[in-house]
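The values are calculated or read from the model by the stated rules, or taken from the named source; none is laboratory data. On a predicted model such as this, the values are computed, not experimentally measured, just so you know. Neighbour counts are summed over all protein chains in view; Cβ atoms, including those assigned to glycine, are modelled from backbone coordinates with ideal geometry. When the accessible area is computed, the model is the full protein with side chains, heavy atoms only, and any ligands, DNA or RNA have been set aside. Shrake-Rupley method; radii C 1.70, N 1.55, O 1.52, S 1.80 Å.
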Amino acid sequence: METVFQQKVGLLLDTLRRHGSTPTPIHCHNGVRIHACLADAAPTRVVSVAPAASYAVARASMSPMLLDPELAQRVRQVERAFAHDIPVLINGETGTGKEVLARHLHEVGPRASGPFVAINCSAIPASLIESELFGYDSGAFTGARRGGMAGRFEQANGGTLFLDEIGDMPLELQARLLRVLQERTLTRLGSARSIALNCSVICATHRDLVQRVDSGEFREDLYYRINGLRITLPALRQRSDLDDLIEHFLAQELASAVPPLTLAARHCLYRHNWPGNIRELQQVLRLGVALSEGDSIDLIHLPTELTAAPAALPPDSADRQTHCPDGKATLRQAEAEVVRSAFLRNDRNVSATARNLGIARATLYRKLRNYGLLTGEG
């Protein structure tokens, strides 16, 4: 089983390869910052790689998901199913990484050498989605392009077609999609010629498809055709690895010195409910790095929607949360959890923890004593 340490090493090596012989700042957990580069390396853009190398690169791109052990195990199951041509259905809120997972499955799947074609079924007008998916021949309708046009299924031949937000596909097109998936052939609009298909299909949606089947908005036979194996990507507020994700996205800014989060800023990130999930977290941290200009990331460097009003801590993060009688987390409780998490993450090194939180050692000692962390409590 791949450990979190191995995942982080793989991510680091991938970062160093991208920077080639340019020294890259690396922030260690003990607070030390070093510069490193790979000997005789030059920045490269991978076009085609051997299967083993391709797998390593693909795993690196998935690292935010793989920080959560349970989710990492589930992803490995999905990889095995997809390798045997079992259709995969991805559920999850916006921003949880549905397309990231779909691209990853393509890159480690049996048709990795072919194209990856994505289409958002909710973003295309119902009158155009049939021609977008299945293509058309010349003269199929008024305004049709001379010579016709290949649809997304044809474009994905030999590769992977990703149907995002399939729960919003018009009901009248679902029957034709089912027929194409079953027969592995399609006919362009205005044509009588059948075209053989050889592509993997991944579907994703934020909708509850079982509920839509019950309400008559989604075909039951299509649901069972695309649901070979379903994976639900948890919302950020349901994950237990917020600290690891914060450090991961800060580490992605290795091309410049990554400033630490102050205690107040980290506390603010803990309180936020993250409706935009991982995508929102990444943008918030990127903004913080940009605005801080090399200094510590403080509240003033975070979006106002995060700092304007207090919020409850994520309800599903029991290891990071202590509730008050009214269900809200007090400032003291949230601060104690921020200090505790940073202290443990830095292996109880006071100097490294103080640097990580952006506070003085004396201040940290006082907080550690107040929260019982110097005696192993908390």
Quiz item: Are any of the residues in the range 211-221 of a type outside the set (A, V, I, L, M, F, W, C) and under 23 Å from the mean Cα position of the chain (by Cα)?
Solution: no
Quiz item: Can you tell me which residues in the range 208-246 are touching a residue at least 40 places away in the same chain (Cβ under 8 Å) and of a type in the set (Val, Ile, Thr)?
Solution: Ile226, Ile231, Thr232
Quiz prompt | Every residue from the range 51-81 that is touching a Gly at 6+ places or on another chain (Cβ under 6 Å) and modelled with pLDDT of 95 or more | solution = none
Practice problem: Among the residues of the range 92-121, write down those that are open to solvent by less than 20 Å² (accessible area, probe 1.4 Å), under 17 Å from Leu233 (Cβ atoms) and not in a helix (DSSP H, G or I). | Solution: Gly92, Gly95, Thr96, Gly97
Quiz item: Within the range 266-309, which residues are modelled with pLDDT under 90, more than 22 Å from the chain's Cα centre (by Cα), buried (at least 17 other Cβ atoms within 10 Å of the Cβ) and in a helix (DSSP H, G or I)?
Solution: His267, Ser292, Thr307
Self-check item: Residues that are over 14 Å from Cys199 (Cα atoms) and in contact with a helix residue (DSSP H, G or I) (Cβ under 9 Å, 6 or more places away or on another chain), drawn from the range 124-142
Solution: Ile124, Ala126, Ile129, Glu130, Glu132, Gly135, Tyr136, Ala140, Phe141
Exercise. Could you list all residues from the range 74-118 that are of a type in the set (Ser, Thr, Tyr) and within 20 Å of the chain's Cα centre (by Cα)?
Key: Thr94, Thr96
Exercise. Of the numbered conditions (1) part of a loop (DSSP other than H, G, I, E, B); (2) touching a residue at least 24 places away in the same chain (Cβ under 8 Å); (3) aliphatic (A, V, I, L, M); (4) open to solvent by less than 40 Å² (accessible area, probe 1.4 Å), Ile124 fails exactly one; give the number of that condition.
Key: (2)
